[in-house]
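Where a number appears in this text, it was derived from the coordinates with a stated rule and is not lab data. The shown structure was predicted, so the numbers you read here are calculated from the model rather than taken from an experiment. Note that we place each Cβ from the backbone using ideal geometry, even for glycine, and neighbour counts take in every protein chain shown.
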Amino acid sequence: MQTPRMRIAVIAPPFFSIPPDGYGGIEAVVAMLVDGLVDRGHDVTLIAAGADATRADFVATYESPQAELLGRPLPELTHAARADRALAELRPDIVHDHTASGPAVALGRSAPSVITCHGPVTGEWGEYLQAAAGGMALVAISQFQVDKAPELPWRGVVPNALDATDLPFRTDKDDFVVWLGRMSPDKGAHLAIDISRKAGKRLVLAAKCSEPDEKHYFADQVEPRLGPGVEWLGELGGHEKYELLAAASGLVFPIDWDEPFGMVMIEAMACGTPVLALRRGSVPEIVVDGVTGFVRTRPDELVEAMGRLGELDPGACRAHVIDHFGPERMVAGYEQVYADVLADRS
């Protein structure tokens with residue numbers, strides 16, 4: 001059944017462009033979402049920093065993205081204030097907020113706010129979300145988040161998506177594995193190096209490494225491990241990133257935290273590249289063990305699994321992403337959440 005046309009305001013974080021030029025998993029998801037909602041006939045306005053680059057109407061809170069200030073509170077607060085000023089003029093039916101400040105300001109809005117939880121749901125973040133629970137409809141990006149904090153005001157689970165249509169796909173793999181992401185101990189670049197060395201496999205590392213904490217971790221744990229069999233490329237984006245993923249025989253994903261989703265896993269699988277991952281967070285929901293990768297409990301178990309990458313079918317990896325993480329499924333999922341929230345108001 002066709003969902004009635006809605007006036008939807010989507011608020012993105014202010015730190016990277018929409019869609020992103022390089023790093024920016026949330027930003028890539030937001031770009032797909034707003035274009036998909038426009039295609040489904042909705043009146044969509046994107047509120048973000050930088051230039052107008054989607055099919056939605058656009059309101060800029062900053063002339064350029066504030067990547068150099070990532071991690072500082074002021075850009076987020078200024079962005080939130082400017083976004084809410086824009087909402088007062090737009091008068092949308094519903095607001096979909098992807099920012100960290102969204103839960104805090106949702107209660108004061110005239111339109112209901114759907115908040116996608118892109119990060120942790122326990123600890124300090126869990127306390128924050130619980131404090132803001134009365135003003136928002138919360139959406140998880142994995143069932144893991146809901147199971148971890150069932151007391152939060154969840155309105156659904158809508159996994160992130162990826163359009164695999166134009167991504168490179170290779171069945172003939174080169175003899176190396178790749179680690180790709182953000183230079184943080186949580187992401188386990190140092191573990192990827194240790195695992196690959198023990199398995200006798202060449203490793204290529206590519207990551208965002210611009211913030212002080214990222215640079216410190218790189219200097220302390222990663223740089224001393226570089227050398228024969230380990231290549232550091234820096235940050236890659238766009239075509240270069242996907243060509244690297246498509247060429248690799250596997251993506252090493254030895255995370256040391258409960259990752260709520262992990263876009264790089266579906267990016268790799270879409271390119272026909274299986275994932276070697278530790279069983280944390282959403283990993284078992286995304287990687288089919290023995291089909292699209294190998295999921296293990298300890299880093300040393302990934303050493304043996306690395307030698308079995310050739311057993312996996314690149315075509316099955318790509319098909320899994322198309323079948324379970326396509327943009328149409330994500331857009332339809334959010335559309336249903338909006339409709340349900342608005343129905344509660346009527």
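Residues 152, 245 in ascending order of nearby Cβ atoms (within 10 Å, fewest first): 152, 245. Per residue of the chain, the DSSP helices (runs of n ≥ 4 H) give a summed -39500 (n - 2.57) that works out to -11000 deg cm²/dmol at 222 nm. The Cβ shell under 13 Å around residue 74 holds other residues with a net charge of 0, Lys and Arg each +1, Asp and Glu each -1.
Residues whose amide H comes within less than 5 Å of that of residue 16, counting only those at least five positions distant or on another chain, are 66 (H built at 1.01 Å from N in the peptide plane). The spacing between segment 105-157 and segment 278-297, judged by their C-alpha centroids, is 25 Å.
Net charge dipole, segment 1-114: roughly 340 debye, given to the nearest 20, about the Cα centre with Cβ charges of +1 for Lys and Arg and -1 for Asp and Glu.
Working ranking of peptides 100-107, 274-281 by packing, defined as the average number of other Cβ atoms within 10 Å per residue, highest first, is 274-281, 100-107.
What does the net charge come to around residue 263 if you take all other residues with beta carbon closer than 14 Å to its beta carbon, with K and R at +1 and D and E at -1?
-1
Its residue count N sets the reference 2.2 N^0.38 Å, and the alpha-carbon radius of gyration of segment 133-236 equals 1.43 times that reference. Taking other C-beta atoms within 10 Å as the exposure proxy, 179, 154 rank 154, 179 from fewest upward.
The angle separating the long axis of helix 189-199 from the principal Cα axis of greatest extent in the chain is about 30 degrees. 3J(HN,Hα) along segment 169-186: 9, 10, 9, 8, 8, 7, 8, 7, 10, 10, 10, 9, x, 10, 6, 9, x, 4 Hz, from the Karplus curve 6.51 cos²θ - 1.76 cosθ + 1.60 with θ = phi - 60°, whole Hz, x for Gly and Pro. Exposure proxy shown here: for 286, 195, the number of other Cβ atoms within 10 Å sets the order, fewest to most, as 195, 286.
A simple count of charges around residue 50, restricted to other residues whose Cβ falls under 12 Å of its Cβ and scoring Lys, Arg +1 and Asp, Glu -1, yields -4.
Rounded to the nearest 20 debye, the dipole size of segment 102-224 about its Cα centre is 200 debye, using +1 on the Cβ of Lys and Arg and -1 on the Cβ of Asp and Glu. Along segment 15-29 the Karplus relation, 6.51 cos²θ - 1.76 cosθ + 1.60 evaluated at θ = phi - 60°, assigns HN-Hα couplings of 9, 9, 6, 10, x, x, 7, x, 4, x, x, 4, 5, 5, 5 Hz to successive residues, with x for each Gly and Pro.
Going through (1) 0.97; (2) 1.09; (3) 1.01, the figure that equals Rg/Rh (Cα atoms, Kirkwood Rh) as computed for the structure here is (1). Direction-averaged projected area, Cα convex hull, segment 177-323: 7.8 nm², rounded to one decimal. Check cross-link reach from residue 208 to the lysines: straight Cα distance under 16 Å, and skip same-chain residues fewer than eight apart. Correct list for residue 208: 187, 241. When the inverse distances between all different Cα atoms of segment 276-322 are averaged and flipped, the Kirkwood radius reads 10.9 angstrom.
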